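A.B. asks: Before we start, here is the structure in question, set down as structure tokens.
The values are calculated or read from the model by the stated rules, or taken from the named source; none is laboratory data. What you see is a predicted model; the values in this text were computed from it and never measured. Every residue, glycine as well, gets a Cβ built from its backbone with ideal geometry; the counts of neighbours run over all protein chains shown. For accessibility, only protein heavy atoms count, side chains too; no ligands or nucleic acids. Shrake-Rupley method; radii C 1.70, N 1.55, O 1.52, S 1.80 Å.
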Amino acid sequence: MLGYIPPGNINLTVVQLTITRGIRQALYFIAAFSAVEILFTFGVMRFVQWLSSEINLESTIDIVMVFMFGILGVITWRSRKEMPKEDYSKKDSIKYGMLLGVVNPMQVPYWLFVGTYLISHEWIDTGYLSLSVFSIGSGIGAALALYGFARFAQYIQEKFTLSSYIVNKSIALLFFALSAYHICKITYIHLIK
């Protein structure tokens, strides 16, 4: 749950879906994303010790994040003037949730750090049953955090009657800011430090 509290591509997508498509479509997205989160968490936690010792993903993840946030920012910026369609099927939101669940580069470093910490302190066993329960809890926590974002977005939209233009423009600017942050981080690590 804690991993989805800071602004990122997933919770901003939930806010955007809630405002442009409605809470029901956001809930379909959350359910699909959380199901993928369960599977992904189980896989990463199962192999976290091997991954952390064999692969250095830090700079690769930062580069992927620059492109991902940049692309999400451009897509959101370009669609800021478009009026949302009224008839979205739940399949669209489910596919979108599954896609972002699979293509979420923040999950790998997060679970490498958290997984290594939990396993090294023996707070979690690496057996199948323990990791299954932990992964289900992770999916439920992600769903609860994202549900909170969806309800907050719905509340804000009702209270302030925000247009999708303002929301899309704001989210696009935040995506660009997150991309710029990762560019500065890469520059600092490789050129200044």
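A.B. asks: Sorted by accessible area (1.4 Å probe), largest first, how do Tyr181, Tyr110 line up?
C.D. replies: Tyr181, Tyr110
A.B. asks: Can you tell me how much longer the chain between His190 and Phe160 gets when fully stretched, taken as 0.36 nm per residue apart minus their C-alpha distance, in nm with one decimal?
C.D. replies: Taking 0.36 nm per residue and subtracting the Cα distance, the gain is 6.4 nm.
A.B. asks: How much FRET efficiency would the formula 1/(1 + (r/R0)^6) give for Val102 and Ser170, where r is the Cβ-Cβ distance and R0 is 35 Å, rounded to 0.05?
C.D. replies: Result of the calculation: an efficiency of 0.85.
A.B. asks: Compute the distance in nm between two label points, each set 7 Å from the Cα along the Cα-to-Cβ direction, one at Ser132 and one at Tyr181.
C.D. replies: Inter-label distance under the simple model: 3.7 nm.
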